[in-house]
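Remarks on the structure that follows.
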Ligand code: UT7
């Protein structure tokens with residue numbers, strides 16, 4: 001039976017020009033390039049320039065995704081932006097991206113699920129498309145985490161960076177089989193009992209300030225492998241696919257040791273894992289589309305290939321998405 005699926009028509013990304021290396025950080029806090037490399041796999045991160053906002057990063061990534069999709073911005077009727085670092089408390093960064101691209105129809109809103117934001121945004125857009133409410137969606141993950149880091153806290157400031165990625169989804173009629181192109185399944189989860197392990201200690205409704213990121217890294221690490229493996233297994237079972245059928249595994253880029261742990265647990269060979277965090281660190285909601293973009297540029301996304309994406313972040317929130325390119 002024919003059904004509507006959200007087919008990924010294009011992907012794009014943007015990283016700010018300024019690069020902060022591990023050696024730069026070693027001059028700022030008590031750390032070393034060796035420690036950061038060994039414990040995380042991160043070599044450098046990009047930092048937005050003064051006056052360069054999350055929406056600017058999102059617009060640049062979106063423009064590239066739209067060009068590659070061959071779709072005019074005015075034909076987009078839904079913009080969903082995943083971000084934990086909006087330009088302003090309101091309006092949504094998505095509406096600023098919408099305006100920046102010259103789109104004035106449909107709807108635009110933000111999704112706040114921190115590092116899992118892109119998976120959440122993809123799930124939201126996919127559900128709207130499959131329900132028939134929108135035809136073409138722009139799903140953006142954009143962050144300027146450099147603005148919420150405590151640059152004196154070596155346990156967190158070495159991990160994060162700024163960046164953005166975007167995909168263009170289009171409603172297309174498919175046969176309704178597991179061989180269909182497009183998003184085949186999404187699973188999103190949260191458990192608010194874990195808030196104190198990863199949060200920002202400020203906000204408009206509490207301190208009237210932006211606040212700084214606080215994390216118990218060791219505990220987050222412990223939960224990450226277990227929770228992400230679980231949601232991936234659920235996603236695969238729901239579609240009848242086995243881990244060895246995955247062509248490319250595109251995870252949230254937080255820590256190379258977490259990625260290795262999950263791949264090992266699921267039996268996914270390293271050659272099929274997209275690891276880009278050395279270049280840009282943890283960019284929160286931008287991580288997955290940045291990795292997807294690099295996979296595209298390295299010709300690792302062939303048409304018909306099965307792509308598994310996942311993420312976990314503050315909340316806790318976590319989730320996975322399976323798509324056929
Ligand atoms: O995207 C959102 C999800 N976030 C994550 O997935 C992050 C998950 N967590 C992690 O990636 C890791 O836990 C970290 C990279 C944050 C830390 O690695 P770890 O192996 O768990 O180290 P640790 O926190 O257990 O700390 C080990 C030691 C400590 O010293 P003591 O107590 O053993 O003397 C830390 O104080 O390393 C010390 N340390 C550092 N040393 C040098 C912590 N940060 C640094 C640093 N440089 N930057």
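Each value in this text was obtained by applying a stated rule to the coordinates, not by laboratory testing. This is a predicted model, so every value here is computed, not measured. Reconstructed Cβ throughout: ideal geometry from the backbone, glycine too, with neighbour counts over all protein chains shown.
I'd like the distance separating the alpha-carbon centroids of the stretch 271-325 and the stretch 140-168, in whole Å.
16 Å
From the C-alpha coordinates alone, can you work out the Kirkwood hydrodynamic radius of the stretch 3-75, in Å?
Working: mean 1/r = 0.0663 Å⁻¹.
After inverting the pairwise mean of 1/r, the radius is 15.1 Å.
Would you mind putting 67-78, 283-294 in packing order, based on average other-beta-carbon counts within 10 Å, highest first?
So the order, starting with the most tightly packed, is 283-294, 67-78.
Mean residue ellipticity at 222 nm from the helices of the chain, using -39,500 (n - 2.57) per DSSP H segment of n ≥ 4 over the full residue count, to the nearest 500 deg cm²/dmol?
After summing the helix terms and dividing by the residues of the chain, the value is -9500 deg cm²/dmol.
Convert 37 °C to kelvin, take the viscosity as 0.692 mPa s, use the Kirkwood radius over C-alpha pairs of the chain as Rh, and evaluate the Stokes-Einstein diffusion coefficient in µm²/s, rounded to a whole number.
Values: Rh = 19.4 Å.
For these conditions, the coefficient is 169 µm²/s.
Starting from the eigenvalues of the Cα gyration tensor, five times each then square-rooted, give me the equivalent ellipsoid semi-axes of the stretch 182-324, largest first, whole Å.
The three semi-axes for the stretch 182-324 are 28, 16, 14 Å.
Within 10 Å of each residue's Cβ, count the other Cβ atoms and sort 274, 309 from fewest upward.
If I rank by nearby Cβ atoms, fewest first, I get 274, 309.
Among the DSSP beta bridges whose two residues both lie in the chain, what percent are antiparallel, rounded to the nearest 5?
On the way: 43 of 59 bridges.
Around 75 percent antiparallel, to the nearest 5.
Divide the volume of the convex hull of the Cα atoms of the stretch 1-129 by its number of residues and quote the answer in cubic angstrom per residue.
Enclosed volume per residue, from the Cα hull, is 152 Å³.
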